[in-house]
Amino acid sequence: MPTRKPTTASGAAKKVAPRLSFRPVGRTNWDDMVELFDGRGGPKHCWCMVWRPLPARDRKQDGRRRRAAMRRRVTQGVPIGILGYLRGRPVAWCSIAPRPTYRDLGGPEPPEPEKVWSLVCFFVVRELRNRGVLGRILHAAEQQALRRGATLLEAYPVDADSPSYRFMGFLKFFTAAGYREVGRAGTRRHVVQKRLEPVRRRKPVKRKVG
């Protein structure tokens, strides 16, 4: 008799989060970002420039102008975020970069803004949504910020019933990951922060011989 797979309360088989690899976006993998953003359902209109400063002439332009603005940042070596890969294919994006590279995001002004990185957007291809991918992206974003000298990560999530800014994530997701709310930005966005600390490796215990 065949063994049935365990099911959730809804009766559907629980999906296991896929194992992704992550890379910061740079000149060498810019084409991967284009593939993801220009693909089906991708954010090809905004190109994740909503919270980044743009010349006035570009603010109301199409995605082509915004893509060009993002590429200029990459060419100049400005951090913009990370891509998630599944078997070599770009499937996820997270906008994670130094706070001063964005427009005013609201919330309290940190004492050392140059050491604060801001997470303002997630995007995951449709077939991988609701499979625990966001937790892995968040961890990768934290590690990227830590490697680049950040001491604090800040995000701007909304409540689950918010009609807008949902691409910034939900408040419960961040609080469950150890983030603390420190203020509000406008009427919908919460401001949450998490102190970043390097993982300390335990020293091997020396055992006495004899």
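Summary table
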quantity: Test: residue in region 84-100 that is over 20 Å from GLY42 (Cα atoms) and either modelled with pLDDT under 95 or not in a strand (DSSP E or B) (or both); calculated: yes
quantity: Test for PRO79: is it part of a helix (DSSP H, G or I) and in contact with a Pro (Cβ under 7 Å, 6 or more places away or on another chain); calculated: no
quantity: Which listed residue is free of Cβ contacts under 8 Å to residues at least 24 places away in the same chain and surrounded by fewer than 17 Cβ atoms within 10 Å (Cβ to Cβ), from ASP104, ASP159; calculated: ASP104
quantity: Condition met for THR28 (modelled with pLDDT of 95 or more and either over 17 Å from the mean Cα position of the chain (by Cα) or assigned to a loop (DSSP other than H, G, I, E, B) (or both)); calculated: yes
quantity: Odd one out for ARG59 among (1) surrounded by fewer than 17 Cβ atoms within 10 Å (Cβ to Cβ); (2) at pLDDT 90 or above; calculated: (2)
quantity: Answer from ARG166, ARG136, ARG129, ARG103 - the residue that is under 15 Å from the mean Cα position of the chain (by Cα) and over 22 Å from PHE22 (Cα atoms); calculated: ARG166
quantity: Pairs with Cβ under 8 Å, 6+ apart, first in region 16-31 and surrounded by 13 or more Cβ atoms within 10 Å (Cβ to Cβ), second among the hydroxyl-bearing types (Ser, Thr, Tyr); calculated: LEU20/TYR85; PHE22/TYR85; ARG23/TYR85
quantity: Residue in region 179-186 that is of a type in the set (Gly, Ala, Ser), assigned to a strand (DSSP E or B) and more than 14 Å from the chain's Cα centre (by Cα) present; calculated: yes
quantity: Residue satisfying all of: in region 35-49; of a type in the set (A, V, I, L, M, F, W, C) and outside any helix (DSSP H, G or I); farthest from VAL91 (Cα to Cα) among these; calculated: MET49
quantity: Answer from LEU153, LEU128 - the residue that is free of Cβ contacts under 8 Å to residues at least 60 places away in the same chain and either surrounded by 20 or more Cβ atoms within 10 Å (Cβ to Cβ) or of a type in the set (A, V, I, L, M, F, W, C) (or both); calculated: LEU153
quantity: Complete set of residues in region 76-125 that are touching a helix residue (DSSP H, G or I) at 6+ places or on another chain (Cβ under 9 Å) and acidic (Asp, Glu); calculated: GLU114
quantity: Selected residue (only one of VAL125, VAL209 is at pLDDT below 95, among the aliphatic types (A, V, I, L, M) and more than 20 Å from PRO98 (Cα to Cα)); calculated: VAL209
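The values are calculated or read from the model by the stated rules, or taken from the named source; none is laboratory data. All of these numbers come straight from a predicted model, not from anything done at the bench. Backbone-built Cβ (ideal geometry, glycine too); neighbour counts: all protein chains shown.
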